[in-house]
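Peer 1: One structure, as structure tokens, below. Some questions next.
The values are calculated or read from the model by the stated rules, or taken from the named source; none is laboratory data. Quick caveat: nothing in here was measured; it's all calculated off a predicted structure. All Cβ positions, glycine included, derive from the backbone under ideal geometry; neighbour counts span all protein chains shown.
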Amino acid sequence: MSAFGKDRPLQATFTQVTTSECKGAAYFKNGQTGYDGLSYDIQVSASLIFKNRSSETVLLYKKFDPASTERVGTSVANLLSGKFVTGFDVDRTITSTEPAKVSIEDFLILQPGKEYASSAQATVYASTDPHKPLHAPGRYWVQMGIDARPDDFYFNNSKQAFQRKWLSRGKVVNFILSEPFSVDITFDPKAPACERSAFR
């Protein structure tokens, strides 16, 4: 089951959203290191509430990725029409180790009409560089794509066997597209330095 569809069988809502900014990033490019003093990370913390709006029981992987896809727009209408200022898609790559096998204990069983709340973090990447897409302060709207596939499903193609085994308990959810939420970007010149490195 995918919750990217228009009917959104599983609703995901970011609530109690708080943000903090940090400034600057070290990077490695063309064999040399440098420092980008114009970049900002807007770190988002929130409560993420899932609601099963379908008529079927669903199985939600407990270790879901709340920010596998991100879209940032100037309004909800722009987001919903596909007009994004910026965003990203996480590229899942093959690991050097065999992913752990999953069991029914790794999933939440969410019956129709029921809710589940979890904490979630995400980052919006911005810059005061006018050549970068997200460079102006103001209020923006963010929508997250949530990846609820265990690594075992992705790398070993084991989802179908798992689903057949546990179909009597519910349908496995693959992806969830969150409801839009607002974030204010201020580009605080006194923001602390970011600890991440940017590889470009």
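Peer 1: Between a first residue in region 119-141 that is more than 12 Å from LEU38 (Cβ to Cβ) and in contact (Cβ under 8 Å) with a residue 60 or more places away in the chain and a second residue that is of a type outside the set (S, T, N, Q) and part of a loop (DSSP other than H, G, I, E, B), which pairs have beta carbons less than 6 Å apart while being 6 or more apart in sequence or on different chains?
Peer 2: Pairs found: TRP141/PRO180.
Peer 1: Further, regarding this structure: For region 125-133, indicate whether the set of residues that are farther than 15 Å from ILE185 by Cβ, charged (D, E, K, R) and not in a strand (DSSP E or B) is non-empty.
Peer 2: Residues of region 125-133 farther than 15 Å from ILE185 by Cβ: 131.
So of that shortlist, the ones also charged (D, E, K, R) come out as none.
Looking through region 125-133, none of the residues is farther than 15 Å from ILE185 by Cβ, charged (D, E, K, R) and not in a strand (DSSP E or B).
Peer 1: If you check GLY145 against the conditions, is it closer than 30 Å to LEU38 by Cα, crowded, with 17+ Cβ neighbours inside 10 Å and not hydroxyl-bearing (Ser, Thr, Tyr)? Before you say what the answer is, go through the steps one by one.
Peer 2: Numbers: closer than 30 Å to LEU38 by Cα: yes; crowded, with 17+ Cβ neighbours inside 10 Å: yes; not hydroxyl-bearing (Ser, Thr, Tyr): yes.
Criteria met by GLY145.
Peer 1: Taking region 138-167 on its own, how many of its residues are within 29 Å of LYS83 (Cα to Cα), outside any strand (DSSP E or B) and touching a strand residue (DSSP E or B) at 6+ places or on another chain (Cβ under 6 Å)? Break it down into steps so the answer makes sense when it comes.
Peer 2: Taking region 138-167 first, the residues within 29 Å of LYS83 (Cα to Cα) are 138-149.
Within this subset, residues satisfying the condition of being outside any strand (DSSP E or B) are 148-149.
Going one step further and asking which of them are touching a strand residue (DSSP E or B) at 6+ places or on another chain (Cβ under 6 Å), we end up with 148.
Result for region 138-167: 1.
Peer 1: Hey, another quick one. Looking at ALA136, ALA126, can you tell me which residue is modelled with pLDDT of 95 or more, touching a His at 6+ places or on another chain (Cβ under 8 Å) and among the aliphatic types (A, V, I, L, M)? Spell out how you get there, then give the answer.
Peer 2: Details: ALA136 fails: touching a His at 6+ places or on another chain (Cβ under 8 Å).
Testing whether each residue is modelled with pLDDT of 95 or more, touching a His at 6+ places or on another chain (Cβ under 8 Å) and among the aliphatic types (A, V, I, L, M) leaves just ALA126.
Peer 1: Taking region 7-22 only, how many residues are modelled with pLDDT under 95 and charged (D, E, K, R)?
Peer 2: Number of matching residues: 2.
Peer 1: For region 93-105, which residues satisfy the criterion of being over 18 Å from the mean Cα position of the chain (by Cα) and part of a loop (DSSP other than H, G, I, E, B)?
Peer 2: Step one: list which residues in region 93-105 are over 18 Å from the mean Cα position of the chain (by Cα), which gives 94-105.
Residues satisfying the conditions are ILE94, THR95, SER96, THR97, GLU98, PRO99, ALA100, LYS101, VAL102, SER103.
Peer 1: May I ask you to list pairs of residues, at least six apart or on different chains, whose Cβ atoms are under 6 Å apart, with the first in region 23-45 being at positive phi and touching a residue at least 40 places away in the same chain (Cβ under 8 Å) and the second being of a type outside the set (Val, Ile, Thr) and exposed (fewer than 15 other Cβ atoms within 10 Å of the Cβ)?
Peer 2: Once the first residue is at positive phi and touching a residue at least 40 places away in the same chain (Cβ under 8 Å) and sits in region 23-45, its partners that are of a type outside the set (Val, Ile, Thr) and exposed (fewer than 15 other Cβ atoms within 10 Å of the Cβ) give GLY24/GLY37; GLY24/ALA193.
Peer 1: Restrict the check to region 106-117 and report whether at least one residue is without any contact (Cβ under 8 Å) to a residue 60 or more places away in the chain, assigned to a strand (DSSP E or B) and loosely packed, with under 14 Cβ neighbours inside 10 Å.
Peer 2: First pass over region 106-117, keeping only residues without any contact (Cβ under 8 Å) to a residue 60 or more places away in the chain: 106, 108, 111.
Retained after the next criterion (residues that are assigned to a strand (DSSP E or B)): 108.
With loosely packed, with under 14 Cβ neighbours inside 10 Å added as a condition, the list becomes none.
No - not one qualifying residue is present in region 106-117.
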